[in-house]
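Peer 1: My questions will all concern the structure given below.
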Amino acid sequence: MKKFFLFVFLISFIQISFAQRLLKITVQIDSSKKELSYINRNGIDYISVNEIADLFSAGKYYNQEAEKIELKFPKFNIKFTAKNPFLTIQNKSDNSVESFQLPISTLFIKNEIFTPLNYSIEYFSKVIEKKFEYDSSTKNLVVTSKSSVRNQREDSVNVKKEFKPNLSFVINDIKIEEKANGTLIKLSCSKSIRKPRSSISNEILYLFFSDANIDPDLEKRVEPIGLVKSVSVKNINEKNSQLEISLKTGYSTVETIQDKETKEILITIHNKLFSNIEENKAKWNFDCVVIDAGHGGKDPGTIGVSGTREKDVNLGIALKLGRLIEKNLPQIKVVYTRKTDEFIELYKRGKIANEAGGKLFISIHCNSTEKKDNGYRGFEVYLLRPGRTKEAIRIAEFENSVIKYEDDPNRYEKLTDENFILVSMAHSQFMRFSETFSDLLNQTWKNSVDIPSLGIKQAGFYVLVGASMPSVLIETGFLSNRKDEAYLSSNKGQSEIAETIFESILKYKEFYEKEIGKQ
Ligand SMILES: [Zn+2]
């Protein structure tokens with residue numbers, strides 16, 4: 001019995017050690033061939049950090065308690081932590097320490113730290129001062145001297161070999177353009193893919209693609225432009241890839257969308273809004289509010305259940321609101337896109353606002369459902385965003401349909417996703433301010449108006465596209481609902497709404513001035 005157990009034990013022991021011996025990467029360092037243990041998890045090859053130290057005769061210090069290992073090279077020390085994505089590199093010349101984040105954590109197996117090889121290569125290359133290239137399909141790691149020009153040329157030819165020949169690149173081109181408000185990156189895709197996950201750390205924007213590989217030649221086509229310093233491509237396996245974009249300082253936010261028509265992935269990196277505030281402090285004073293009464297003239301807007309015309313309600317509220325500001329805040333200029341029952345094209349409304357140097361644009365409307373008086377009522381504030389819900393699209397379509405009355409309806413034809421993200425790029429700079437105003441308005445509204453709030457929403461409105469300032473569109477209520485219609489068409493209702501918007505402007509002014517003061 002005992003002998004039998006021992007035999008089984010021996011068999012399994014041999015099998016395990018044999019299997020482990022098989023998991024080796026061939027390492028070619030200059031002209032000598034060596035081996036390195038690795039483990040494959042979810043298609044990613046992890047190598048033993050401990051063995052890297054031995055391979056390059058580095059000093060090593062292993063802290064068992066902290067589960068950290070430090071490798072000591074002539075000019076740099078590099079430290080890895082078990083089950084952790086962060087690593088640090090210490091520069092011995094000035095003792096400075098920089099930390100970096102791998103997109104995934106290291107593994108900890110039998111008291112050894114394994115790091116994802118493809119992600120760690122650049123850091124090993126830096127500290128060991130050699131060029132590393134890894135072909136995950138053949139499990140070959142080639143380490144060459146950095147200084148050899150001839151080798152480097154061969155290496156650049158080798159770059160393509162790094163990927164399996166049957167790996168087809170879905171993302172095959174990159175274009176970077178500098179725009180007034182930031183930098184636009186366009187990635188051409190051969191098919192529809194999911195929007196990448198993104199994160200920023202240490203001024204590097206990481207984009208993770210879960211269903212596409214990237215042509216590594218992209219890197220070579222990128223020259224520093226706008227907020228982009230350089231681009232680096234990493235194909236992890238047949239599906240997952242990563243684009244790393246090194247950024248210059250001075251960016252504020254990043255947004256990504258996929259253009260449904262062209263299938264391009266669009267990434268916008270925005271400039272900081274108040275970068276030159278000291279020079280143009282006066283430019284940012286809260287000194288002008290633009291009030292836009294929706295529709296007018298030949299465009300009545302929606303018609304209420306008992307015949308109320310939206311354009312009249314909008315104008316009534318707009319004029320009352322204007323008068324309140326003029327009376328109580330004489331230092332603020334009030335600009336109306338219309339003061340009478342006249343038709344103003346959408347693009348002109350934005351133009352009026354921009355030429356006046358508006359600091360806040362408020363567009364006033366009334367909502368409606370197709371079926372009249374179905375009980376649906378409520379107030380909504382809209383922000384401009386490319387993300388669109390079904391309901392938001394319906395309302396946006398109606399409000400945007402004003403265009404049919406305009407002399408040149410083609411003016412707006414080209415509002416494709418790309419154009420939209422460009423204009424919304426300008427808006428995302430103001431988005432924080434638009435959101436704050438919407439918040440304040442929504443809170444004030446709930447306490448003072450007889451129409452229930454349906455909250456803050458987002459949609460694409462042409463009238464907001466044109467205005468280069470924080471802006472909102474207010475759907476005050478539903479004219480298709482008898483209760484809302486009665487309130488909206490009454491003098492009392494319009495006055496209460498105007499007062500509510502005015503109060504929100506007062507609170508917003510305070511917030512705005514504090515924000516500007518901070519810069
Ligand atoms: Zn309207």
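The values are calculated or read from the model by the stated rules, or taken from the named source; none is laboratory data. Owing to the predicted nature of the structure, the values given are computational and were not obtained by experimental measurement. Using ideal geometry, Cβ is built from the backbone for each residue, glycine included, and neighbour counts are taken over all protein chains shown. The accessibility values were calculated without ligands, DNA or RNA, using every heavy atom of the protein model including side chains. Shrake-Rupley method; radii C 1.70, N 1.55, O 1.52, S 1.80 Å.
Peer 1: Over the stretch 210-249, one equal point on each Cα, no solvent: what is log10 I(q)/I(0) by the Debye formula at q = 0.15, 0.29 Å⁻¹?
Peer 2: Those come out to -0.37, -0.92, one per q.
Peer 1: OK, next. Sort the following peptides by mean Cβ neighbour count (other Cβ atoms within 10 Å, averaged over residues), highest first: 113-125, 243-255.
Peer 2: Sorting 113-125, 243-255 by mean packing, highest first, produces 113-125, 243-255.
Peer 1: Students often get this wrong: which residues of the stretch 175-219 have the backbone nitrogen under 12 Å from the point 7 angstrom along Cα-to-C-beta of residue 122?
Peer 2: Zone members listed by number: 201-207, 219.
Peer 1: Work out, step by step, the length gained on full extension between residue 439 and residue 221: first 0.36 nm times the residue separation, then minus their alpha carbon distance; give nm to one decimal.
Peer 2: Full extension from residue 439 to residue 221 adds 74.1 nm.
Peer 1: Would you be so kind as to identify which of 88, 64, 106 lies farthest towards the positive end of the dipole of the stretch 35-112, taking Lys and Arg as +1 and Asp and Glu as -1 on Cβ and the Cα centre as origin?
Peer 2: So the residue furthest toward the plus end is 88.
Peer 1: Does a label point 7 Å from the Cα of residue 98, set along Cα-to-beta-carbon, have any residues of the stretch 191-232 with amide nitrogen under 12 Å, and which are they?
Peer 2: 202-204
Peer 1: Next question. Residues of the stretch 44-90: accessible area per residue at 1.4 Å, in Å²?
Peer 2: 46
Peer 1: Further question on the same structure: Would you mind working out the accessible area per residue for the stretch 212-338, using a 1.4 Å probe, and quoting it in Å²?
Peer 2: On a per-residue basis, the stretch 212-338 sits at 42 Å².
Peer 1: Give the distance, in whole Å, between the Cα centre of the stretch 76-129 and the Cα centre of the stretch 193-239.
Peer 2: Each part's Cα centre sits 21 Å from the other's.
Peer 1: Under a crude label model (7 Å from the Cα following the beta-carbon direction), how far is residue 203 from residue 306 in nanometres?
Peer 2: For residue 203 paired with residue 306, the spin-label model returns 6.5 nm.
Peer 1: Moving on. Between residue 88 and residue 499, what FRET efficiency follows from the Cβ-Cβ distance if R0 is 56 Å, with the result rounded to 0.05?
Peer 2: The calculated FRET efficiency here is 0.45.
Peer 1: Quick one: which of 60/272; 272/509; 33/110 span more than 32 angstrom between C-alpha atoms?
Peer 2: 60/272
Peer 1: Follow-up question, since we're still on this one. Only sites in a loop by DSSP and with at most 15 other Cβ atoms within 10 Å count here; which chymotrypsin sites (Phe, Trp or Tyr not before Pro) in the stretch 353-385 make the cut?
Peer 2: Answer by residue number: 376.
Peer 1: With all protein chains present, how much of the accessible area of the stretch 443-519 (probe radius 1.4 Å) comes from carbon and sulfur, to the nearest whole percent?
Peer 2: Ligands and nucleic acids excluded, carbon and sulfur reach 48 percent.
Peer 1: Ranked from highest to lowest mean number of other Cβ atoms within 10 Å per residue, what is the order of the peptides 84-92, 60-68, 133-141, 309-317?
Peer 2: Those peptides, ordered most packed to least, come out 309-317, 133-141, 84-92, 60-68.
Peer 1: Simple spin-label model, 7 Å along Cα-to-Cβ: residue 371 to residue 238 in nm?
Peer 2: It is 5.1 nm.
Peer 1: How far apart, in nanometres, would the label points at residue 492 and residue 109 be if each is projected 7 angstrom from Cα along the Cα-to-Cβ direction?
Peer 2: 7.6
Peer 1: Once R0 is set to 60 Å, what does the formula 1/(1 + (r/R0)^6) return for the Cβ-Cβ distance between residue 135 and residue 272, expressed as a FRET efficiency to the nearest 0.05?
Peer 2: Efficiency, from the Cβ-Cβ distance: 0.90.
Peer 1: Of the heavy-atom accessible surface of the stretch 210-358 (probe 1.4 angstrom), what whole percent is carbon and sulfur?
Peer 2: The value for the stretch 210-358 is 48 percent carbon and sulfur by accessible area.
Peer 1: Between the alpha-carbon centers of the stretch 469-488 and the stretch 21-73, tell me the distance in whole angstrom.
Peer 2: The distance from the Cα centre of the stretch 469-488 to that of the stretch 21-73 comes to 66 Å.
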